[in-house]
């Protein structure tokens, strides 16, 4: 069984990645165990707890793992700057096992990219989102799309993450968004490698 550890900002990131990982594991026939760290508190907390985790790994206080997925929104900093920030923290043997999930600018945009999946889950498609860096823009767009589908977004729409990820056309999304495409390519390459061993 492959062990995957997640470092994420919040519940939405965790639900998205956990569902995506188990979906891919099923598609590739690979058994995985996913463990989540730092699922509350945003970017600053993820970075602080990731530093502590790396120290614990170096001291032998953490169990071995196969992959470490670090997820933090781009938040107008962009993919490259966030990746460099993570790379600065991750040292030693873990450098080769880190995969980056950096929604640019926010996870909610990823949820709006596949209108057909949105329609399959919520009964009505959504308009394709633009790509602007504006605080809470995509949270508002997600809420509006859910309201337009005749539903109440009880948790801002995050309550639909798992169903949306299950319905998503991953091949389409790999081309539709650079930041999501990078993650999907990296995950698929990892699962293909595991399938050969």
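By how many degrees, 0 to 90 and rounded to 10, does the Cα axis of helix 79-89 deviate from the longest principal axis of the chain?
Taking the Cα atoms of the chain, the angle to 79-89 is about 30 degrees.
Suppose the chain between residue 81 and residue 144 were pulled fully straight at 0.36 nm per residue; how much longer would it get relative to their current alpha carbon spacing?
Value of the extension gain: 19.7 nm.
Compute the long axis of helix 137-148 from its Cα atoms, compare it with the longest principal axis of the Cα atoms of the chain, and write down the angle in degrees, 0 to 90, nearest 10.
Taking the Cα atoms of the chain, the angle to 137-148 is about 50 degrees.
What ranking do 66, 114 get, fewest neighbouring Cβ atoms within 10 angstrom at the top?
So the ranking, lowest neighbour count to highest, is 66, 114.
What is the calculated FRET efficiency for residue 65 to residue 134, with r their C-beta to C-beta distance and R₀ = 25 Å, to the nearest 0.05?
FRET efficiency, residue 65 to residue 134: 0.10.
Given Cα pairs under 8 Å that are at least 6 residues apart, what percent is the relative contact order of the chain?
22
Over the chain, with a Gaussian network built from C-alpha contacts below 10 Å, which listed residue (82, 40, 18) shows the highest mean-square fluctuation?
Of 82, 40, 18, the most mobile in the Gaussian network model is 40.
Note the listed values (i) 1.52; (ii) 1.08; (iii) 0.96, then indicate which one is Rg/Rh (Cα atoms, Kirkwood Rh) calculated from this particular structure.
(iii)
For the Cα atoms of the chain, what angle does the longest principal axis make with the long axis of helix 11-28, in degrees from 0 to 90, nearest 10?
Once rounded, the angle reads 80 degrees.
Quick one: if you stick a label point 7 Å off each Cα along the C-beta vector at residue 49 and residue 192, how many nm between them?
Taking the two extended label points, one gets 3.3 nm.
Once you've got the GNM for the chain with C-alpha springs shorter than 10 Å, pick whichever of 15, 33, 101 has the biggest mean-square fluctuation.
Of 15, 33, 101, the Gaussian network model singles out 33 as fluctuating most.
Cα centroids of the stretch 1-53 and the stretch 69-132: how far apart, whole angstrom?
Their Cα centres are 13 Å away from one another.
Sorted by packing (mean other beta-carbon atoms within 10 Å per residue), highest first, where do 43-50, 150-157, 1-8 land?
Put in order of decreasing packing, that is 1-8, 43-50, 150-157.
For the ranges 72-79, 105-112, what's the packing order if you count other beta-carbon atoms within 10 Å of each residue, average per peptide, and put the highest first?
Going by the mean number of other Cβ atoms within 10 Å, highest first, we get 105-112, 72-79.
Each value in this text was obtained by applying a stated rule to the coordinates, not by laboratory testing. This one's a predicted model, so the numbers in the text were calculated from it and none came from an experiment. Cβ coordinates were reconstructed from backbone atoms using ideal geometry, including for glycine residues, and neighbour counts include every protein chain displayed.
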